[in-house]
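Visitor: Here's a structure for you.
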Amino acid sequence: MSVATVELDTRPALPPSMVERMTLILDEFGARSTRLTLEEVARRTHLPRSTAHRILDQLVKLRWLDHTTFGYCLGKRSLSLGGGGDDHAEVRQAAAPLLHQLSVQTGLVVHLAVLDEAEVIYLDKVGGRFAAAVPSRVGGRAPAHSTALGKAMLAWLQPEEVEERLSSSLERQTHVTIGEVGLLHQELNRIRARRGVAFEKGECFSQISCVAAAIRSPEGPIAAISLVGDTRAPMEKVAPLVADAAHRVSLELFPQTAQPRTARRMSATSSASNYSAATMERLVVAGQTGSWF
């Protein structure tokens, strides 16, 4: 009499409810910078690939996750609940050593800020001898269009998104603040041509000049770093230090963003050409009026 061999299935049992399966997937996204492919999600959760794909699609539609070129990541709804983004702890931790290094190297004030609709919010301020004269504070806000920090981040958004965030008539902080959206587009185009380096001289505060560069994820800018001095300071000389610091933080948070130099130039060039007909018309009119001063 033969004895049948029984093979035991050692795979873990699937969670019985959809809520449990969704939670199983979301638990794998432990940090803002986490990027997972469909295959990685299926392998880590032990869910069938088709099941994982179906749930991921639902999570993207409901904005719990985003689907990007490099995989899935936390979406706006997750981040708004504190799922790795609202306190900006991760970007602050990654940037902190470089902020202090910049301050020591230059003796200038260093800012770390994020974009919030039409404003920047200062996350960190590392002082130099000029710190008391800089009217900024951690948690404070400033209009994005009047700061090097804000312009450095706006430069990497789609032109239509810039216009959604900002009104057609921009509030002037000083007599040299950019006051029209069309002129702002011209400035953002110049920033992209400089590979993301933004300057400000007396645009937010009449006695202050700044240079800034954005910290970028695969989806766009997440923060920016700036050096601050008075209007006599030659900010062009320290611009490479700021650009390098922002790039190093970007690579630490999002190592998959590293790409050949040629590809970066092509990306910057292509992003400058994504203008709608209405935006192009404003740019032509702005070009005929000359400087924003």
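The values are calculated or read from the model by the stated rules, or taken from the named source; none is laboratory data. A quick note: this is a predicted structure, and the numbers were derived from the prediction, not measured. Using ideal geometry, Cβ is built from the backbone for each residue, glycine included, and neighbour counts are taken over all protein chains shown. The area values use the complete protein model at the heavy-atom level, side chains included, leaving out ligands, DNA and RNA. Shrake-Rupley method; radii C 1.70, N 1.55, O 1.52, S 1.80 Å.
Visitor: Enumerate the pairs (first residue in region 81-105 and under 25 Å from Ala239 (Cα atoms); second residue anywhere and open to solvent by 90 Å² or more (accessible area, probe 1.4 Å) and modelled with pLDDT of 80 or more) with beta-carbon separation below 7 Å, excluding pairs fewer than 6 apart on the same chain, so at least 6 apart or on different chains.
Guide: Close Cβ pairs (under 7 Å, with a partner that is open to solvent by 90 Å² or more (accessible area, probe 1.4 Å) and modelled with pLDDT of 80 or more) amount to Ala94/Glu252; Leu98/Arg248.
Visitor: Residues in region 243-256: is at least one under 23 Å from Lys125 (Cβ atoms) and free of Cβ contacts under 8 Å to residues at least 24 places away in the same chain?
Guide: Scanning region 243-256 turns up at least one residue that is under 23 Å from Lys125 (Cβ atoms) and free of Cβ contacts under 8 Å to residues at least 24 places away in the same chain.
Visitor: So which residues in region 188-206 are of a type outside the set (Asp, Glu) and at pLDDT below 85?
Guide: Gly202, Cys204, Phe205, Ser206
Visitor: Shifting gears a bit: Please count how many residues of region 38-53 are among the acidic types (Asp, Glu) and surrounded by 14 or more Cβ atoms within 10 Å (Cβ to Cβ).
Guide: So the answer is 1.
Visitor: Filter region 167-187 for residues that are at pLDDT 85 or above and under 18 Å from Met235 (Cα atoms) and give the result.
Guide: Matches in region 167-187: Glu187 only.
Visitor: Further question on the same structure: Any chance region 144-161 includes a residue that's open to solvent by 40 Å² or more (accessible area, probe 1.4 Å), in contact with a Lys or Arg (Cβ under 7 Å, 6 or more places away or on another chain) and of a type in the set (A, V, I, L, M)?
Guide: No: region 144-161 contains no residue that is open to solvent by 40 Å² or more (accessible area, probe 1.4 Å), in contact with a Lys or Arg (Cβ under 7 Å, 6 or more places away or on another chain) and of a type in the set (A, V, I, L, M).
Visitor: Pull out all pairs, ordered by first then second residue, where Cβ-Cβ is under 6 Å, the residues are six or more apart or on different chains, the first lies in region 155-177 and is among the β-branched types (Val, Ile, Thr), and the second is assigned to a loop (DSSP other than H, G, I, E, B) and crowded, with 17+ Cβ neighbours inside 10 Å.
Guide: As it stands, the answer is Thr174/Gly202; Val176/Gly202; Val176/Glu203; Thr177/Glu203, since those pairs meet every condition given.
Visitor: Another question, if that's okay. Determine which single condition Phe130 fails, assuming it passes every other condition in (1) out of contact with any Leu (no Cβ under 9 Å at 6 or more places or on another chain); (2) open to solvent by 30 Å² or more (accessible area, probe 1.4 Å).
Guide: In the conditions (1) out of contact with any Leu (no Cβ under 9 Å at 6 or more places or on another chain); (2) open to solvent by 30 Å² or more (accessible area, probe 1.4 Å), Phe130 misses (1) alone.
Visitor: Let me ask something else about it. When region 98-121 is examined, which residues are found to be part of a strand (DSSP E or B) and open to solvent by 20 Å² or more (accessible area, probe 1.4 Å)?
Guide: Leu115, Asp116, Glu119, Ile121
Visitor: Can you name every residue in region 184-208 that is within 17 Å of Ile225 (Cβ to Cβ) and in a helix (DSSP H, G or I)?
Guide: Hit for region 184-208 is Ile191, nothing else.
Visitor: Taking Lys61, is it charged (D, E, K, R) and within 21 Å of Ser250 (Cβ to Cβ)?
Guide: No: the conditions fail for Lys61.
Visitor: Sticking with this structure for a sec: Would you say Ile208 is open to solvent by less than 10 Å² (accessible area, probe 1.4 Å), in contact with a Pro (Cβ under 9 Å, 6 or more places away or on another chain) and touching a residue at least 40 places away in the same chain (Cβ under 8 Å)?
Guide: yes
Visitor: From the list Val228, Val238, exactly one residue is part of a strand (DSSP E or B) and either in contact with a His (Cβ under 6 Å, 6 or more places away or on another chain) or modelled with pLDDT under 95 (or both). Which is it?
Guide: Val228
Visitor: Can you find a residue that is in a helix (DSSP H, G or I) and either open to solvent by 20 Å² or more (accessible area, probe 1.4 Å) or out of contact with any helix residue (DSSP H, G or I) (no Cβ under 8 Å at 6 or more places or on another chain) (or both) anywhere in region 167-174?
Guide: No, region 167-174 has no match at all.
Visitor: Out of the residues in region 54-76 that are modelled with pLDDT under 85 and over 21 Å from Arg44 (Cβ atoms), state the one that is least open to solvent (accessible area, probe 1.4 Å).
Guide: Ranking the candidates gives Arg63 first.
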